[in-house]
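Novice: Handing you this structure, nothing more for now.
The values are calculated or read from the model by the stated rules, or taken from the named source; none is laboratory data. Just so we're clear, the structure is a prediction, and the values are computed from it rather than from any experiment. All Cβ positions, even for glycine, are placed from backbone atoms using ideal geometry, and neighbour counts span all protein chains on display. Protein only, heavy atoms only, side chains kept; ligands, DNA and RNA dropped before computing areas. Shrake-Rupley method; radii C 1.70, N 1.55, O 1.52, S 1.80 Å.
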Amino acid sequence: MNRKILVLGAGTAGCAASIFLRQLGFEVTLVERQAQARSISTFKIGESLSPDASKLLQQLNVWESFCQASHLKCYGNVSYWHSKTPTHLDFLQHPLGHGWHLDRLAFDQMLLNKATDLGAQLLTETRITSIRFENEQWKVELNNPQGSHGATADFMIDATGRNSWLARQMGVDRLYEAEQLALMAFLNIAEDFEDSRTLVETEGAGWWYSAPIPGNRMVTAYFYPPERIKLPTQPTAKEWQKLLEQSPQTTKRIAQAQGELIADCQTVSAHSSILEALYGPGWIAIGDAALTYDPISAHGITMAMATARDAANAILSYFKGNTEALNAYESVLWAAFQRYTEDRQGFVVKD
């Protein structure tokens, strides 16, 4: 398929899309605004991967590399959801086995390496200064430390995360099912801490998430609705500790792990949302650029890879003459988001 695809964003979704597109024979250019060394942030929501993701990793042809990396096996979740009695989800009974807590730096680098090994061109520290779509082709002006230059593409993929840069340029609005922020903190923990499960605990209008990750670290996040709880953008360690003390199970776990804060806390967006249109003439959105779920669903990384695969297949069908391929992709994602919102309303939302 001698078609040029421009993929915007070198995160999980963008790299996965580049891999799938190269497998299908497309010419791919992967555009990343940040320098490669900085494009993969340590501080990200989405450190966990469910057992179901193994199929996608095999389709990406990175399964062997993934298994050789230092990802931490996760055998289940423990939840104190509006109850002092724990609910246990044991992955040992899952047909695909355990899940993982990721070394996110290694995971994203693995996908990026695979994409470039397959021939995707990577442009880092690159911004798009102008775009226009005419005569079924994109004409793009790119700017990076080497200067400005023009480029053309037959199709573009928006993999720019929650920012959804390309969709916004196309005048597409984002629809929010629920607005939520997350107070993120990373801790060093003791080497002999052995509980690799995910712990979830509600506290008032918000809820805590904690999970060990490779390198004797733990990630914690406090998710809360900004209209009901007011917190500073960067709380101090004392403010974080005071908030933590209201959640006995999470406090107990951090104490057992001998957890110590690595760096300042960060507040990030954790909204549930979807674009009002997931594609348009010559473009399509994937991953967080397309839709975002509540982190409690643990579908973020899996959704990024799945939408990348499905978008690549839809683009192939489109160029083979199937005019309904992109609409079918959008319909599947809208149906999935509607099911998610129904489940969330029944599970998460409390009076």
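Novice: Which residues make up the longest stretch of the chain that has no trypsin sites (Lys or Arg not before Pro) in a DSSP loop with at most 10 other Cβ atoms within 10 Å?
Specialist: Working: sites that count: K84, R228, K230, K320, K350.
Result, exposed sites excluded: 85-227.
Novice: Relative to the first principal axis of the alpha-carbon coordinates of the chain, what is the inclination of helix 12-23, with its axis defined by its Cα atoms, in degrees from 0 to 90 and to the nearest 10?
Specialist: Between the helix axis and the principal axis of the chain, the angle is about 40 degrees.
Novice: In nm, what is the difference between 0.36 nm times the number of residues separating K4 and R132 and their Cα-Cα distance? Display every interim value, and only then the final one.
Specialist: Values: separation 128, 0.36 × 128 = 46.08 nm, distance 1.54 nm.
Roughly 44.5 nm would be gained on extension.
Novice: Would you mind giving the three semi-axes, in whole Å and largest first, of the ellipsoid equivalent to the range 80-231 according to its Cα gyration tensor?
Specialist: Numbers: eigenvalues 315, 104, 50 Å².
Semi-axes (√(5λ), whole Å): 40, 23, 16.
Novice: Please give the solvent-accessible surface of H82 in Å², to the nearest 10, using a probe radius of 1.4 Å with every protein chain present.
Specialist: Here the accessible area works out near 90 Å².
Novice: Using +1 on the beta carbon of Lys and Arg, -1 on that of Asp and Glu, and nothing else charged, what's the dipole of the chain about the Cα centre, debye to 20?
Specialist: Details: 30 positive and 38 negative charges, 56 e Å.
Once rounded to the nearest 20, the dipole reads 260 debye.
Novice: Report in % the part of the accessible area of the chain that belongs to carbon and sulfur, leaving out ligands and nucleic acids; probe 1.4 Å.
Specialist: Numbers: 7630 of 16380 Å².
Carbon plus sulfur share of accessible area: 47 percent.
Novice: At 0.36 nm per residue, and after removing the present C-alpha to C-alpha distance, how many nm does the segment from I262 to D343 gain when stretched out fully?
Specialist: Length difference between fully extended and current span is 25.6 nm.
Novice: Picking from T267, T29, M110, whose Cα lies most toward the positive end of the charge dipole for the chain (charges on Cβ: Lys, Arg +1; Asp, Glu -1)?
Specialist: With unit charges placed on the Cβ atoms, the residue in question is T29.
Novice: Helix-derived [θ] at 222 nm for the chain: sum -39500 (n - 2.57) over DSSP H runs of at least 4, divide by residue count, nearest 500?
Specialist: Values: 10 runs with 108 residues, N = 351.
So the helix-based figure for the chain works out to -9500 deg cm²/dmol.
Novice: Can you list the residues of the range 280-295 with backbone N under 20 Å from a point 7 Å past the Cα of E324, pointing along Cα to Cβ?
Specialist: Residues 280-282 fall inside that zone.
Novice: What percent of all Cα-Cα pairs in the range 127-207 falls in each 5 Å bin, counting up from 0?
Specialist: Reading upward from the zero bin: 3, 9, 13, 15, 11, 8, 9, 10, 8, 10, 5, 1, 0.
Novice: Of all the stretches in the chain, which is the longest one without any exposed loop site, taking GluC sites (Glu not before Pro) in a DSSP loop (any state but H, G, I, E, B) with at most 12 other Cβ atoms within 10 Å? Walk me through the numbers before you get to the answer.
Specialist: On the way: sites that count: E136, E191, E194, E227, E245, E276, E324.
Longest site-free region, per DSSP loop and neighbour criteria: 1-135.
Novice: May I ask you to give the solvent-accessible area per residue for the chain, in square angstrom, as obtained with a 1.4 angstrom probe? Provide the component values of the computation, followed by the final result.
Specialist: Details: 16380 Å² over 351 residues.
The answer is 47 Å² per residue.
Novice: Which of the residue pairs K55/K84; K55/K252; K73/K320; K4/K55; K114/K238 have a Cα-Cα distance greater than 31 Å in the structure shown? Show your work: numbers first, answer last.
Specialist: Details: K55/K84 36 Å; K55/K252 36 Å; K73/K320 41 Å; K4/K55 27 Å; K114/K238 42 Å.
Beyond 31 Å between Cα atoms: K55/K84; K55/K252; K73/K320; K114/K238.
Novice: A follow-up question, please. Would you work out which of Q169, L231, V200 lies farthest towards the positive end of the dipole of the chain, given +1 charges on the beta-carbon of Lys and Arg and -1 on that of Asp and Glu, about the Cα centre?
Specialist: Of the options given, the answer is Q169.
Novice: Taking the Cα centre of the range 193-351 as origin, sum charge times position over the Cβ atoms of Lys and Arg (+1) and Asp and Glu (-1), and report the length of that vector in debye to the nearest 20.
Specialist: 200 debye
Novice: OK, next. Please get the size of the charge dipole for the range 154-198, origin at its Cα centre, with Cβ charges of +1 on Lys and Arg and -1 on Asp and Glu, quoted in debye to the nearest 20. Provide the component values of the computation, followed by the final result.
Specialist: Numbers: 4 positive and 9 negative charges, 69 e Å.
Value, rounded to 20: 340 debye.
Novice: Can you tell me the mean projection area, over all orientations, of the convex hull of the chain's alpha carbons? Units nm², please.
Specialist: If I average the Cα hull's projected area over directions, I get 18.0 nm².
Novice: Shifting gears a bit: On a 0 to 90° scale, report how tilted helix 300-319 is relative to the longest principal axis of the chain, with both axes built from alpha carbons and the result rounded to the nearest 10.
Specialist: The answer is roughly 20 degrees.
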